[in-house]
Structure formats: structure tokens, C-alpha cells
1. Given a Förster distance of 35 Å, report the FRET efficiency between ASP179 and GLU127 from their Cβ-Cβ distance, rounded to the nearest 0.05.
2. Among LEU17, LEU54, rank each residue by its count of other Cβ atoms within 10 Å, from fewest to most, as a rough exposure measure.
3. Quote the convex hull volume per residue of segment 143-215, based on C-alpha atoms, as a whole number of Å³.
4. Cα centroids of segment 193-215 and segment 69-145: how far apart, whole angstrom?
5. Which of GLN93, GLN83, VAL181 sits farthest toward the positive end of the charge dipole of the chain, with +1 on the Cβ of Lys and Arg and -1 on the Cβ of Asp and Glu?
6. Please report, in whole Å³, the volume per residue of the convex hull around the C-alpha atoms of segment 22-116.
7. Using a 7 Å offset from Cα along Cα-Cβ at ALA188, what residues in segment 139-176 end up with backbone N under 15 Å from the label point?
8. Using 1/(1 + (r/R0)^6) with R0 = 22 angstrom and r between the beta carbons of ALA213 and GLU82, what's the FRET efficiency to the nearest 0.05?
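Read-outs throughout are calculated quantities, based only on the coordinates presented, and are distinct from any laboratory measurement. Since the structure is predicted, the reported quantities are computational estimates derived from the model, not experimental observations. Reconstructed Cβ throughout: ideal geometry from the backbone, glycine too, with neighbour counts over all protein chains shown.
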Amino acid sequence: MMHVYAFASVPPFAQGLVRDLRVRWALEEAGIPYRVMRVGDGADLSRDEYTKNLQPFGQIPAIEDDGMRLFESGAIVQYIAEQSSKLMPADPQKRAEVLQWMFCALNTIEMPVQNLASIDLFYANEEWAKQRRRGAAEMAEKRLAELARCLEGRAYLAGEFSAADILMTSLLRILRHTDLVARHPVLAEYQKRCEARPAFRRALDGQLGDLEAAA
Ligand SMILES: N[C@@H](CCC(=O)N[C@@H](CS)C(=O)NCC(=O)O)C(=O)O
């Protein structure tokens, strides 16, 4: 049984956003059974044990599958996607296109999105953050406007729903404290379409339920 590592507890602003969500979602789409292992004081394993044995930066997520340990949400989602034609097409060109959008999600879009979210959620009261926020918001807005143009007339990033949509939707969620996604109806509808999938609902309910149970 695959093990998925998740924080035993996180503050309310992070609930429903923690990156084990994208891993759970991919597993739910692929129909692969998994067991969640909680990381933290008094949980299945301590943060120190987790950092020593599974994720050298102490970050969530990581997985363990039949003795193999893997970290970085993008690598994990790809590993799962390779096991399901629902998430990664076999055709080499279509596969390359899905990978392109996965890298785009994690590099081109998530970086400015996370930068803005970090300013808002972690450093909002710092003087430097107040000065930096405008530029960070402009960069995120620029990338979202470009992404919205790419999604014009498309239901998903690369033809059918794929692993790329799991990553892209997950990072759009990071901006839920802003109206940046809502400003682009094409993006808001895309996010809504992906989040309407039963596999996403199960993954989200799983993360929120586990966090609530541990509270
Ligand atoms: N690039 C990593 C980022 C992982 C990451 O930032 N995880 C957050 C939770 S969503 C975390 O563990 N934060 C705590 C920390 O960085 O110490 C990935 O995609 O797996």
C-alpha cells in the first residue's frame, strides 16, 4: 500500500492547500489505494524523523511505495500519472505536452503565485513585504492573464484532463485569499471544472477530514 505523508496539523489558512492534496488527487483519479501517514509531534512520525528519512527539507509531501521513497509534489504526481492513462497519455507527443504543462505549472505559474501568497500569508506586516507586494501581485497577474489566454476555448491544458490539470488547479487554489483568479472567467471556470471532479472532492475531504480528526 502506498504511503502518503501529510502534516498532522496546519493553521487554518493552509487547510485545503497543503501539497499532499495534489498527491491524494492524483491517486484518487488513478484509483490507487493509499494510506496517509501523519507527520508531527505525537503523530505517526516526528518532523525530525521525516526529514531524516523521507524529505530532506522537511516539506510535505513525500511518498513511500514498495520501499521506494520520493519527494517533490511534481515528481510524485508524475510517478502516479505514469501508472494511469487517465492522467498521462501513452502517445509520446501527447505525453510531452502533458509534461510541458506540468513544468509550466510548477515553474512559470506556481513561482509568482507562491511568492505573492508568501508575502500575504507569512509576512504581511513586514515593511519590506508592503513595498514588495505590488510588484509581486503584478507578476502573478501577468502570468494568470497569459494562462487565461492559453485556456481560451479549451477545457483542459493538454486535450483531455491530465496530471497537468491537477498541478495547475492546485496552485490556482493558493490564490483563494485574492480575486486574481476570479478576474479571469476562463480561469475561474477551468478551476471549477477541475474541482468538480469526484476524485478532487474525495482528496479534499480526505485532507480536511484528517486535519479535523487530529485537531
Ligand atoms: N517544491 C515542494 C514544495 C513543498 C512545500 O512547500 N510544502 C509545504 C506544505 S504545502 C511545506 O512543507 N512547508 C513547510 C516548510 O517549507 O518547511 C513540492 O512541491 O513538494
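1. So the FRET efficiency works out to roughly 0.90.
2. LEU17, LEU54
3. 92 Å³
4. Centre-to-centre (Cα) distance: 20 Å.
5. VAL181
6. 116 Å³
7. Taking a point 7 Å out along Cα→Cβ of ALA188, the residues of segment 139-176 whose backbone N falls under 15 Å are 145, 148, 173, 175-176.
8. 0.10
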